[in-house]
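Engineer: Before we start, here is the structure in question, set down as structure tokens.
Values quoted throughout were computed directly from the atomic coordinates according to the rules given, and no laboratory measurement underlies them. Bear in mind that the values here come from a model prediction, so they are computed numbers and not experimental data. With ideal geometry, Cβ positions are generated from the backbone for all residues, glycine too; neighbour counts draw on all protein chains shown.
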Amino acid sequence: MIISPPFLPAEGLTSKDLAKTDPMMDFVDQYELGHHGVYPIAIDRRWHCGVHLAPAFQDEPVRAIADGEVVAYRVSQRPIGDGKKNTDGSDSLNSNTGFVLLRHTTETGEGRTITFYSLYMQLRDLDGIRNALGPLPSNPPETGTSTVLPKWLSCSNDGVQVPKNLKVYRKDILGYAGVRHAHRHLHFEIFMTEGDFKAWFDQSGHAVQLGVKNPTTPASKDYWGHSYFVIPGGQTFVSTPPLAIGAAAAYFPSLQSGTLDTGSKLYVEAYFHKGQRYTRSWVEKDGTLTPLTPAPVRDAYADTSTRCMSVLPRSIHNAQAMATSCSASAGS
């Protein structure tokens, strides 16, 4: 399953920094409001289950973060008031009550299904959308799209709706950020129920070893995300792998050899991004972790695609030369 942020601004697609694993998320991070609605504790020191995101432009749509199913939703025609008054004594309609709650289910490996939810609150009312963006389509599509609101989100309804078998797909437009107490933002959450959490994290044979001081290598064949290695004290390191000879030696530059102190542990993180391998490491001594590489370190050699492209022109030249030779032989 691919998961993306609830906003996908065009500016998030322009990064040329190959070391950034998620430039879109880096850009959307700037939408988080620091003065209220922070996760997990809000500014008034109350528990806050989500984050408040305020896009730079009112026409930036709120989008489904992944394929899923609608659990419940509400579409409002106009905003409501929170008790405050305008200068003329009328009610200040300064809050939106629209929301969409989605359920997402996907396989994550060997017989493991994970279920989680995403919640989008303070979605703008229909009058507010029309005032800011113009009229809505007169014949909206029945199902969601990445360009317009679907029919089920284009007309107000009487309270909370609980549909059956209503599917959405990643990037589908769910609405636009509204207001709460006159502050424009989207309240966004990702969460799991207690039962779904235990079903995945405590599944027999697949238990996740969060907080385990001495984790063991799992017997499961599941493999995803980043790899973490725990290397005990007393381990001896060589400068290059014994079999890194000939052409393979270019991929294993010589490093410092030595033996890890018996009272220490070495933690190594490794992952791949855009064809490159990155690593980070920490050393633990007397219960204190010290980063050896504060930032991920990219391997020194070029990635697979670069190496292939460097070989490709020579291959084409050789093929052309062979074709010319064959043609000459046939002509003679």
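Engineer: Extending each Cα 7 Å along its Cβ direction at Ile3 and Ser264, get the distance between those two points in nm, one decimal.
Structural biologist: So the two model labels end up 3.5 nm from each other.
Engineer: Using modelled amide H (1.01 Å from N, peptide plane; none on Pro or chain starts), what sits under 5 Å from the amide H of Val71, excluding residues fewer than 5 places away?
Structural biologist: Placed amide hydrogens put Leu101, Leu102, Arg103 under 5 Å from Val71.
Engineer: Related question: Going by amide H atoms built from the backbone, whose H comes under 5 Å of the H on Ser76, apart from near neighbours?
Structural biologist: For Ser76, whose amide H was placed from the backbone, the distant partners under 5 Å are Gly98, Leu126.
Engineer: For His183 and Leu133 in the same chain, what is the full-extension length gain: residue separation times 0.36 nm, less their Cα-Cα distance, in nm?
Structural biologist: That pair, His183 and Leu133, stretches by 16.1 nm at full extension.
Engineer: Going 7 Å from the Cα of Leu210 along its beta-carbon direction, which residues of region 228-260 have the amide nitrogen within less than 20 Å of the resulting point?
Structural biologist: 228-230
Engineer: Also: Compute the length gained on full extension between Gln58 and Thr147: take 0.36 nm times their separation in residues and subtract their Cα-Cα distance, giving the result in nm to one decimal.
Structural biologist: 30.5 nm
Engineer: Assuming R0 = 41 Å, what is the FRET efficiency of Glu107 and Asn86, from their Cβ-Cβ distance, to the nearest 0.05?
Structural biologist: It comes to 0.20.
Engineer: Which shape class, rounded, prolate or oblate, goes with region 10-200 when its Cα gyration tensor gives a ≥ b ≥ c as root eigenvalues, a/c under 1.5 marks rounded, and past that a/b bigger than b/c marks prolate? It would help to have the intermediate numbers written out before the result.
Structural biologist: Working: a/c = 1.43, a/b = 1.29, b/c = 1.11.
It is rounded, given that a/c, with a ≥ b ≥ c, falls under 1.5.
Engineer: Extending each Cα 7 Å along its Cβ direction at Ala249 and Thr236, get the distance between those two points in nm, one decimal.
Structural biologist: Inter-label distance under the simple model: 2.2 nm.
Engineer: Taking neighbour counts of Cβ atoms within 10 Å as a proxy for exposure, in what order, fewest first, do Met121, Met24, Met1 appear?
Structural biologist: Met1, Met24, Met121
Engineer: What residue among Val71, Val38, Val212 has the largest mean-square fluctuation in a Gaussian network model of the chain, using Cα springs under 10 Å?
Structural biologist: Of Val71, Val38, Val212, the most mobile in the Gaussian network model is Val212.
Engineer: I would also like to ask the following. Okay, helix-only estimate at 222 nm for the chain: each DSSP H run of n ≥ 4 adds -39500 (n - 2.57), divide by all residues, round to 500 deg cm²/dmol; what do you get?
Structural biologist: Helix-only estimate at 222 nm: -4500 deg cm²/dmol.
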